[in-house]
Amino acid sequence: MTENSFIHRFEPAHDAGSPPLLLLHGTGGDENDLLGLGKMISPGSALLSPRGRVLEHGMPRFFRRLAEGVFDEEDVRRRARELGDFVAEARQRYGLAAPVAVGFSNGANIAAALLLLQPDVLAGAILLRAMVPLSDPPKAELGGKPILLLSGQADPIVPASNSARLAAQLSEAGASVTHKILPAGHQLSQADVALARDWIGNVAAEAA
Ligand code: MLT
């Protein structure tokens, strides 16, 4: 596979001290969707933004689902592998450090799968409205990687017990998880942007 197998946008860094971001859109989004969010939360970062390769009634996604919240886990594994390969190739092509994923909804779910299946691909992740992607994930070793999980208290798609289980899975794998539950639904709010910006600022400062 080559990096061209994911349609994507790339914007170079303006500040070498800011971590590259891997932007992963939600169902029906595309590679343009999260560029604005990426710039808001980390203005100096390089932005790598692929379009999901699975189509559901014409809507791009990062893996197949059988119903809302019911995933084709074989496809999750396969697509996570493809995304991991894409990141490796894009890092070489663009000269990037391991990125921090910023995923929304379906994009957050593939980022969570990537963390559990291929812990070396991402330096960390901001998971916006994520849920458990794999019922029986392998034993991953996340070695203190920083993860911010932002859930919506009134999210009709992600039950509170599900996001709590994801936070527990990631913590048990050794990640340094910050889980906040916002007074929001599945859609993002200003609070998501503010929290993500502060969190990534701290991550960059700690890495410096
Ligand atoms: C998913 O399919 O990944 C979740 O149900 C979130 C969504 O994309 O609606």
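The values are calculated or read from the model by the stated rules, or taken from the named source; none is laboratory data. The shown structure was predicted, so the numbers you read here are calculated from the model rather than taken from an experiment. Heads up, the Cβs are rebuilt from the backbone with ideal geometry, glycines too, and the neighbour counts pull from every protein chain shown.
Screening Gly124 with (1) in contact with a strand residue (DSSP E or B) (Cβ under 8 Å, 6 or more places away or on another chain); (2) closer than 30 Å to Ala16 by Cβ; (3) within 15 Å of the ligand (Cβ to nearest atom) gives one miss only, at (3).
Kindly indicate the residue of region 83-110 that is more than 18 Å from Gly38 (Cα to Cα) and in contact (Cβ under 8 Å) with a residue 24 or more places away in the chain and also nearest to the ligand (Cβ to nearest atom) among those meeting that condition. Across region 83-110, the extreme among qualifying residues is Leu83.
Of the strands (runs of 3 or more DSSP E) that lie entirely inside region 50-118, those containing 2 or more residues that are surrounded by fewer than 16 Cβ atoms within 10 Å (Cβ to Cβ) span 54-56, 65-67. When each of Leu21, Leu35 is tested for being touching a residue at least 12 places away in the same chain (Cβ under 8 Å), more than 16 Å from the ligand (Cβ to nearest atom) and touching a Pro at 6+ places or on another chain (Cβ under 9 Å), the lone residue that passes is Leu21.
Considered as a group, the residues in region 138-166 that are closer than 21 Å to Pro99 by Cα and within 15 Å of the ligand (Cβ to nearest atom) include one that is nearest to the chain's Cα centre (by Cα), and that residue is Leu149.
Screening Asp15 against (1) farther than 29 Å from Ala207 by Cβ; (2) modelled with pLDDT under 95; (3) charged (D, E, K, R) leaves a single unmet condition, (1).
The residues on offer are Leu166, Leu122, Leu149, Leu142, and the sole one that is farther than 18 Å from Pro183 by Cβ and outside any loop (DSSP other than H, G, I, E, B) is Leu166.
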